[in-house]
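Read through the structure below, which is laid out as structure tokens, and then see the notes.
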């Protein structure tokens, strides 16, 4: 059997599909992170007849198409006069207008009549998928987050070392192109970044200022790992937008798995939401694919390499926490800062990253410890947990 690199998600999906029919299984995550391959591996491994169909087609798909495919799956459950379970996989379903209402109706009909169609839905726009699920399919689905590939996955699949992962990021489809950096860079920017923005965001969301959203993404790549107020962003972007628009666009970019704004940790939910975000790309390839540095030149640029290290650690914490209840924050008080704060229930972990980059601000671990008493105080880098070890463990590990 072929090797499965997304093993946790594979095991979760296999376990759920072997249970009595209960919920629609939803795999949501950024483009080119292995959702389709994972579903195909499950279809091969599970003892169940199956069918995969995709809405990612040059011809327009509509709700009638979903119904036709679903009815075909229903017929398969009755072959040879016997009732048997059948697995239906719908890929890129968020591209079908009104998909959630159609799926809800068909699922409810099957539930009422005892038709054993088990459904798996794949979507490359997590934010839009989440919206459709919570609005129409509440109580009928279970969500499995498919994130950018982690260091351990890229190492296992392609034999990458730490430096390659920090520079080239976690896109498996681009891994075979890294010997030709120009080709690799074009693939990241044209096939992944541009496609995500133009097809997963612009075509499915009413964007009043598309140029502003593009420039915000570029700004986030340039300032990844740094705290930037929305007003300062507007100044950098030189646009007539407003802070509300920027916050909404940042949320869309985060939902598409591109760029997020980490909130400041505070005892007050209101104060957290009003704080300046710490920008962080969710894949370091977004930084390096837009830069003229080669990996050798980048490693000899302490400021640039340090920014990559901190961005990789932030991306790792966010991506690996999606399979848990761990929340990721930063903390700053005047000129003192804690790079990352993890929270699980009432337990806190404070993380300081020693990357070699001069941040111009003092470590704030001592102040944070006196104020919030974290159960874990962690230094990552020289003198502490190695970057390689840190990237080999999920965020939840540090609060177990």
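The values are calculated or read from the model by the stated rules, or taken from the named source; none is laboratory data. Please read all numbers here as calculations on a predicted model, not as lab measurements. Counting neighbours? That spans all protein chains shown, and the Cβs are built from the backbone with ideal geometry, glycine included.
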(request) Give me a count of the residues in the range 309-336 that are surrounded by fewer than 21 Cβ atoms within 10 Å (Cβ to Cβ), part of a strand (DSSP E or B) and in contact with a strand residue (DSSP E or B) (Cβ under 8 Å, 6 or more places away or on another chain). (result) 4
(request) Output the number of the condition that residue 297 fails; it satisfies all remaining conditions of (1) surrounded by 14 or more Cβ atoms within 10 Å (Cβ to Cβ); (2) assigned to a helix (DSSP H, G or I); (3) more than 24 Å from the chain's Cα centre (by Cα). (result) (1)
(request) May I ask you to verify whether residue 197 is modelled with pLDDT of 90 or more, assigned by TED's automatic domain parsing to the domain that holds residue 297 and more than 18 Å from the chain's Cα centre (by Cα)? (result) no
(request) Considering only the range 298-320, state which residues are more than 17 Å from residue 387 (Cβ to Cβ) and at pLDDT 95 or above. (result) none
(message) Whether any residue in the range 50-68 is in a helix (DSSP H, G or I), surrounded by fewer than 17 Cβ atoms within 10 Å (Cβ to Cβ) and touching a helix residue (DSSP H, G or I) at 6+ places or on another chain (Cβ under 7 Å) is what I want to check.
(response) yes
(request) Go through (1) within 26 Å of residue 199 (Cα to Cα); (2) assigned to a loop (DSSP other than H, G, I, E, B); (3) touching a strand residue (DSSP E or B) at 6+ places or on another chain (Cβ under 9 Å); (4) in contact (Cβ under 8 Å) with a residue 60 or more places away in the chain one by one and return the number of the condition residue 32 breaks. (result) (3)
(request) Quick one: which residue in 72, 11 is closer than 18 Å to residue 153 by Cβ, assigned to a helix (DSSP H, G or I) and out of contact with any helix residue (DSSP H, G or I) (no Cβ under 9 Å at 6 or more places or on another chain)? (result) 11
(message) Anything in the range 286-295 that is over 19 Å from residue 252 (Cα atoms) and touching a helix residue (DSSP H, G or I) at 6+ places or on another chain (Cβ under 9 Å)? List them, or say none.
(response) 288, 289, 290, 291, 293, 294, 295
(request) Within the range 166-213, track down each residue that is within 22 Å of residue 146 (Cβ to Cβ) and part of a loop (DSSP other than H, G, I, E, B). (result) 169, 170, 171, 203, 204, 205
(message) Given the criteria free of Cβ contacts under 8 Å to residues at least 24 places away in the same chain, surrounded by 16 or more Cβ atoms within 10 Å (Cβ to Cβ) and not in a helix (DSSP H, G or I), does residue 149 qualify?
(response) no
(request) Select from the range 337-358 the residues that are assigned to a loop (DSSP other than H, G, I, E, B) and within 18 Å of residue 281 (Cα to Cα) and write down the one among them that is modelled with the highest pLDDT. (result) 355
